[in-house]
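Remarks on the structure that follows.
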Amino acid sequence: MAANAKTGEVLLKVENLVKKFSITGGILGREVAAVKAVADVSFEIRKGETLGLVGESGCGKSTLGRCILRLIEPTSGGIYFEGRDVRAMSGPELRVLRRRMQIIFQDPFASLNPRMTVEEILGEPLDIHKVCASREERRRRILELLDMCGLRRESVTRYPHEFSGGQRQRVCIARALAVRPDFIVCDEPVSALDVSIQAQIINLMQDLQKELGLTYLFIAHDLKVVEHISDRVAVMYLGKIAELAEADELYRDPRHPYTKALMSAIPVPDPKRKRDRIVLQGDVPSPISPPSGCYFHPRCPIASARCRSEAPQLEGVGTEGHSASCHFAR
C-alpha cells in the first residue's frame, strides 16, 4: 500500500464553523458592525487526501485555514482532529497537536525571519517541540530536510535574501515538515511564484505527500493548480461553501452557477477549441452586509424570488459525494 493511500478514515472534521471580525467605532469603541469572514462552513478531510479550497480573494479561504489551526480563534462551530475537539484544547495539549498540524504561508519571504540562517529557521521548531535529543541529531534532521526539499546542504549558513522565491518556499516547506506533521494547511503556497517554479513546487509537494503520507488543505485561486493537486475541491463564495465534489467530477460537471462561471474562465490551450464564457455582473457583496437568501443571487444569471428570500443548504446533487448550495443544482 502506498504511503499516502486514502483509507476513507476522517482526519479532520469541520462543523458549522463561523468567524466574525468586529468593527468598532465611536468614542467608547463599541462594535458597530461585524464581518462574517467564515459563515457556517462544514466539511471533512480524509487521511492522505488533498482537499482544494478555491474562490475569489476575500472569500474567507485563508481565514478558514487559520481557524482550523487556531492561529485565530473561531467565533463558533466545531473543529475535530481524529475525533478530538481542537477548540477545547489549551496549553500543553494544544502544543502537542500543533506538532501534527502545520502551515505553509503564501509569501515565502515575509514568513521567514531575515535575521536567521536556514539552520536557525529549521532548528527553531525542532527546539520548540523538543524533537531532537542532541545537537548531532538536530543537525542530521536539518540536513535531511534540505535533502527532501531539494536544497543544497551548504544552504544551512545562508539567509533568506540569498535565495530565489522558489528556494525560499522550499525552506518554508522544510520548516513545516521539521516536526513530522500529519496535516498541512497550504495557504496559496505557489501564488507568489513564477509559473515554471510553481510546477516544481507542486511536484515536490506531491512527492512529499506520497513519501510521508501527508494530508493537505490546499488553498488557492488558480483553478488549474487546484485541479492538478487535489483529490476533492471545495468552492467558497463570501464565506460559504458553494460546491464540494471530487476534483474530476467538479471540473467535468459543475452544478453551482458560481462554479460554472469560474470554470468558464479557465484558459483553453487549444486555440481551435472555444469555451462559452460566463461573465458575472456586479461585484462581490460586502461581507459586512451580505445579501438576504442566497449570497450569490445578486450576481446569479438564474436567480429567482426564492433565491432572494431563502438561503440554500449544501445538499447532495448528481453522484455521491457531490454537493452544492443552490436551489436549482439538481
Practice prompt. Can you tell me which residue among 217, 177 is closer than 30 Å to residue 254 by Cα, touching a residue at least 60 places away in the same chain (Cβ under 8 Å), of a type outside the set (Val, Ile, Thr) and in contact with a Leu (Cβ under 7 Å, 6 or more places away or on another chain)?
Written response: 217
Practice prompt. Might you let me know whether the stretch 193-203 holds any residue that is closer than 18 Å to residue 65 by Cα, assigned to a loop (DSSP other than H, G, I, E, B) and in contact with a Gly (Cβ under 8 Å, 6 or more places away or on another chain)?
Written response: no
Worksheet, complete the sentence: Conditions (1) within 27 Å of residue 188 (Cβ to Cβ); (2) more than 25 Å from the chain's Cα centre (by Cα) -> residue 304 fails only (1)
Worksheet entry | Residue selected from the stretch 39-68 under the condition touching a helix residue (DSSP H, G or I) at 6+ places or on another chain (Cβ under 7 Å) and either assigned to a loop (DSSP other than H, G, I, E, B) or over 16 Å from residue 323 (Cβ atoms) (or both), by the criterion modelled with the highest pLDDT | 50
Worksheet item: Pick from the stretch 161-198 the residues that are surrounded by fewer than 19 Cβ atoms within 10 Å (Cβ to Cβ) and either closer than 14 Å to residue 230 by Cα or acidic (Asp, Glu) (or both): which of them is nearest to the chain's Cα centre (by Cα)?
Response: 182
Worksheet item: Got a sec? Which of 111, 155, 134 is at negative phi, without any contact (Cβ under 8 Å) to a residue 12 or more places away in the chain and polar (S, T, N, Q)?
Response: 134
Response to the item:
Per the filter on the stretch 13-35, residues buried (at least 19 other Cβ atoms within 10 Å of the Cβ) and basic (Lys, Arg) are 19
Item to complete: Looking at (1) more than 15 Å from the chain's Cα centre (by Cα); (2) at pLDDT 95 or above, find the lone condition where residue 278 falls short.
Response: (2)
Worksheet, complete the sentence: Those residues of the stretch 210-228 which are surrounded by fewer than 20 Cβ atoms within 10 Å (Cβ to Cβ) and under 24 Å from residue 145 (Cβ atoms) amount to 210, 211, 212, 213
Worksheet item: Which number in (1) assigned to a strand (DSSP E or B); (2) assigned by TED's automatic domain parsing to the domain that holds residue 121 marks the one condition that residue 233 misses?
Response: (2)
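The values are calculated or read from the model by the stated rules, or taken from the named source; none is laboratory data. All of these numbers come straight from a predicted model, not from anything done at the bench. Heads up, the Cβs are rebuilt from the backbone with ideal geometry, glycines too, and the neighbour counts pull from every protein chain shown.
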